[in-house]
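J.: After the structure tokens below, expect a handful of questions from me.
Read-outs: derived from the displayed coordinates by stated rules, not from any lab. Keep in mind that this is a model prediction, so the values were computed, not measured. Every residue, glycine as well, gets a Cβ built from its backbone with ideal geometry; the counts of neighbours run over all protein chains shown.
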Amino acid sequence: ETFYLFFEGIMLFQVLYFGMIFLLSRRKDVLFYSLLNLISAAYFFLNAPDTFLRINEDIVFNSVYYSYINYALILLMALMYLLFLKEIFSESVIESRLLRRIYQLTMGFIPVLYILFAWFEYKDWNTDLIFYMGYFVNGPFCTWILMKNRAVKGYRFFIILGMFIIFLCVSITLWFTIRYNEGRRDYILDYYPLMAIKTGMLIDVILFQLALTQRWQNQEKELAIQQLQSELALAKMRNKISQELHDDIGSTLSGIHMYSHLAQKQAETGEKENTNKSLSIIQVASGDMINRLKDMVWTIQPGHDTLKELLEKIQEYAVFMAGSKHMEVDVTIPEVANTFKIITECRHHIFMIAKEIINNAVKYSGGSRLSVVSEVKHNDFFLTIKDNGSGFNQVETKKGNGILNIKKRAEEISATLELNTNLDHGTEWRLMVKITR
């Protein structure tokens, strides 16, 4: 009895504790865990009315509403735990189609299970099997999560450990609940079948607090590292921009300046055709410079630091360029792209690499289709740009089509770059670079 009072107090305190953490962090996993504790407290309160309010248990247990409410609370606990695990292991759910399917089926099966239970209860049929199924409705999902994350480290290790303990304690509770319903009283847990699950939940609460603490520590370290990396990247980017302004934009402006003087002289001597040619060169060069400056400003401007925004910018450029040659464009952007951020220097180089490759594919490949496929596996970002054009001989074209410039930019961000091409077999570029969530 004392343990039950202690347990209920701990659960209610955790509801307030995790509720306040949710208000501060707005993390859904914390919200679902707080609701799980609240529903659990209600469930254990309903099943021990004499302990908490000195209400005769027979009055509660013999009520026509008891079975319906009791089973609803069991399934709500299963639902909250399902939502909690989905948030914690969101990467596994996104990456695995089978896991997503199991999750969807479980979400749909929970209300079906309750409807079946209510119908059987109303008809006064035996509900034991349906009742026991409620304890393990999350079984397939939890099992698959455990299999995919059995070697996980960091704060998720505590969650996995908590899952295993909860599974063990639920199994023990179910076994002694069956014995209790059969009237068997050979062991102390036969009298208190919910003791095991309560103990397991107390341990799980402690493990989740440890997980939160470790996650906060890791986040603080990551923030400190990111701040240092950002400062270094900013200094490096400033030097890079200064160099590009001097080398690239500066040479273009020098050319415009030269052709403007030439056009003036040609106009003075009445060379109308040559004057128009010079003005046309100035127009093209100035337009190209404006586009380069726009791209440069976009890559360094704050607020465009997610992978999704970068890929959308690449998609926009690919569609624009391919339109001039009536090429079909196929762009794939992964769902998790919005959860990853890329430092300024890396974003700038990836965009310029993609731009150079797309530009070459449109201008020189002679193909009818351009494919831009991006993938994220853990912290590895893969960008594949492929055309179905004529391809080229890599040995004979070592310095052509900006290949050296593309490779140099890849080296700047420690990216792996692969080029696959042969005559009449198209060209495929594959870039791999480390990114952080």
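J.: Rank 338, 432, 223 by how far each Cα sits towards the positive end of the charge dipole of the chain (+1 on Lys, Arg Cβ; -1 on Asp, Glu Cβ) and give me just the farthest.
T.: Of the options given, the answer is 432.
J.: Can you give the charge dipole size of the chain about its Cα centre, rounded to the nearest 20 debye, using +1 on the beta carbon of Lys and Arg and -1 on the beta carbon of Asp and Glu?
T.: The calculation lands at about 780 debye.
J.: For segment 116-163, with the dipole built from +1 on Lys and Arg beta-carbon atoms and -1 on Asp and Glu ones, taken about the Cα centre, which of 141, 125, 155 lies farthest toward the positive end?
T.: 155
J.: Using only alpha carbons, build the gyration tensor for segment 1-153 and give me the equivalent ellipsoid semi-axes, biggest first, whole Å.
T.: Whole-Å semi-axes of the equivalent ellipsoid: 29, 23, 12.
J.: Compute the Rg/Rh shape ratio of segment 302-437: radius of gyration over Kirkwood radius, all on alpha-carbon atoms.
T.: The Rg/Rh ratio comes out at 0.95.
J.: Given the chain, what percent of its DSSP beta bridges are antiparallel, to the nearest 5?
T.: Among the beta bridges of the chain, antiparallel pairing accounts for roughly 85 percent.
J.: Further question on the same structure: Please list the non-local residues whose amide H lies under 5 Å from the amide H of residue 370, H modeled 1.01 Å from N, same-chain partners needing a gap of 5 or more.
T.: 328, 329, 330
J.: Given the convex hull over the Cα atoms of the chain, what projected area results after averaging over all orientations, in nm²?
T.: Mean orientational projected area (the chain, Cα hull): 29.6 nm².
J.: I need the P(r) histogram for segment 94-231: all alpha carbon pairs, bin width 10 Å from 0 out to the longest distance, whole percents.
T.: In whole percents, the pair-distance histogram is 11, 26, 31, 20, 8, 3, 1, 0.
J.: Ok, one more. Relative to the longest principal Cα axis of the chain, at what angle does helix 28-46 sit, 0 to 90 degrees, rounded to 10?
T.: So the helix axis and the longest Cα principal axis differ by about 10 degrees.
J.: Another one. Tabulate in residue order the Karplus-calculated ³J(HN,Hα) for segment 77-93, using 6.51 cos²θ - 1.76 cosθ + 1.60 with θ = phi - 60°, rounded to whole Hz; enter x for Gly and Pro.
T.: 3J(HN,Hα) across segment 77-93, in whole Hz: 4, 4, 5, 5, 5, 4, 5, 4, 5, 4, 5, 5, 10, 4, 4, 5, 5.
J.: Just the number: Rg to Rh for segment 125-181, Cα atoms, Kirkwood Rh, two decimals.
T.: 1.10
J.: Could you give me the ³J(HN,Hα) list for segment 111-119, computed from phi with Karplus coefficients 6.51, -1.76, 1.60 and θ = phi - 60°, whole Hz, x at Gly and Pro?
T.: x, 4, 4, 5, 4, 4, 4, 4, 5
J.: In degrees, nearest 10, range 0 to 90: what is the angle between the Cα axis of helix 344-364 and the longest Cα principal axis of the chain?
T.: Approximately 60 degrees, to the nearest 10.
J.: Ok, one more. Which three semi-axes in whole Å describe the equivalent ellipsoid of segment 266-376, each the square root of 5 times a Cα gyration tensor eigenvalue, listed largest first?
T.: Three semi-axes, in Å: 34, 19, 9.
J.: Looking only at chymotrypsin sites (Phe, Trp or Tyr not before Pro) in DSSP loops with at most 12 other Cβ atoms within 10 Å, what is the longest site-free stretch of the chain?
T.: 188-437
J.: Could you go through segment 205-220 in sequence order and give the Karplus-derived ³J(HN,Hα) for each residue, using 6.51 cos²θ - 1.76 cosθ + 1.60 with θ = phi - 60°, rounded to whole Hz, and x for Gly and Pro?
T.: Going residue by residue, I get 4, 4, 5, 5, 5, 4, 4, 4, 4, 5, 5, 4, 4, 5, 5, 5 Hz, with x marking Gly and Pro.
J.: Leaving out same-chain residues fewer than 8 places away, which lysines sit with a Cα under 20 Å from that of residue 28?
T.: Straight-line reach from residue 28, under 20 Å: 86.
J.: So what's the back-of-envelope 222 nm ellipticity for the chain, counting only DSSP H runs of four-plus at -39500 (n - 2.57) apiece and dividing by all residues, rounded to 500?
T.: -23500 deg cm²/dmol
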